[in-house]
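Chemist: Sharing a structure below in structure tokens format, with a few things to ask.
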Amino acid sequence: MIVAIKFLHIAALCLWCAGLVGLPLVLARHQASDDQSEYARLRVVTHRAYTGIVTPAAVIAIAMGTALVFLRGLFVPWMFAKLVGVGVLVLLHAWIGHITLIVGERQGHYDPPRGWPVMTVAIATSAIVAILLLVLGKPVLGDRLAPDWIMRPQDQPLPVDEVPI
């Protein structure tokens, strides 16, 4: 069962990461001066790729990864560092979706900045490489990834009257 979950996780990650690298480059092809047919073609390609391939792949990758964490008991420091990288991918995914929506709904009225595709691809590639290094290398990290002042109680009252159970 774990092998099947790993297979689904890795396959979905491949699709998701390819989309995070490829979609910004396709979106960069949108020009305010495009004629209606070119605009419609790029709009359909970006919208269907984002909603039909990249987003389902992201959901499957995260769900299978979560299942693997609990099935394998991977509550180790490198896994928490990896989850920070996954958070970066999720933020990029949301931002690309936002750009896809804006470009798709504002033909001729929205000109995305020219530097953002390169920046997005660079951030996605860096996060993907960092995640791969953490997963494949499984480095021995200290138990304390946060500074000591964050881990110590501050002897402050809670900002609300309710006390959690």
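Chemist: Say we look at the range 134-150 and pick out the residues that are in a helix (DSSP H, G or I) and open to solvent by less than 100 Å² (accessible area, probe 1.4 Å); which of these is modelled with the lowest pLDDT?
Modeler: Just the residues of the range 134-150 that are in a helix (DSSP H, G or I), to begin with: 134-137, 148-150.
Narrowing the set further to residues that are open to solvent by less than 100 Å² (accessible area, probe 1.4 Å) leaves 134-135, 137, 148, 150.
Values: 134: 88, 135: 89, 137: 89, 148: 74, 150: 71.
Taking the candidates together, the pick is 150.
Chemist: Looking at (1) at pLDDT below 90; (2) surrounded by 13 or more Cβ atoms within 10 Å (Cβ to Cβ); (3) not β-branched (Val, Ile, Thr), find the lone condition where residue 89 falls short.
Modeler: Tallying (1) at pLDDT below 90; (2) surrounded by 13 or more Cβ atoms within 10 Å (Cβ to Cβ); (3) not β-branched (Val, Ile, Thr), residue 89 fails exactly one: (1).
Chemist: Picking from 77, 112, which residue would you name as being touching a His at 6+ places or on another chain (Cβ under 9 Å) and at pLDDT below 90? Steps first, please.
Modeler: Values: 77 fails: touching a His at 6+ places or on another chain (Cβ under 9 Å).
Step by step, each of 77, 112 is checked, and only 112 is touching a His at 6+ places or on another chain (Cβ under 9 Å) and at pLDDT below 90.
Chemist: Also, quick follow-up: Taking the stated definitions as given, is residue 100 of a type in the set (Ser, Thr, Tyr), open to solvent by less than 70 Å² (accessible area, probe 1.4 Å) and modelled with pLDDT under 90?
Modeler: On the way: of a type in the set (Ser, Thr, Tyr): yes; open to solvent by less than 70 Å² (accessible area, probe 1.4 Å): yes; modelled with pLDDT under 90: yes.
In short, yes.
The values are calculated or read from the model by the stated rules, or taken from the named source; none is laboratory data. Being a predicted model, the structure only gives us computed values, none of them experimental. Note that each Cβ is placed from the backbone with ideal geometry, even for glycine, and that neighbours are counted across all protein chains shown. Areas reflect the complete protein model, heavy atoms only, side chains present, ligands, DNA and RNA absent. Shrake-Rupley method; radii C 1.70, N 1.55, O 1.52, S 1.80 Å.
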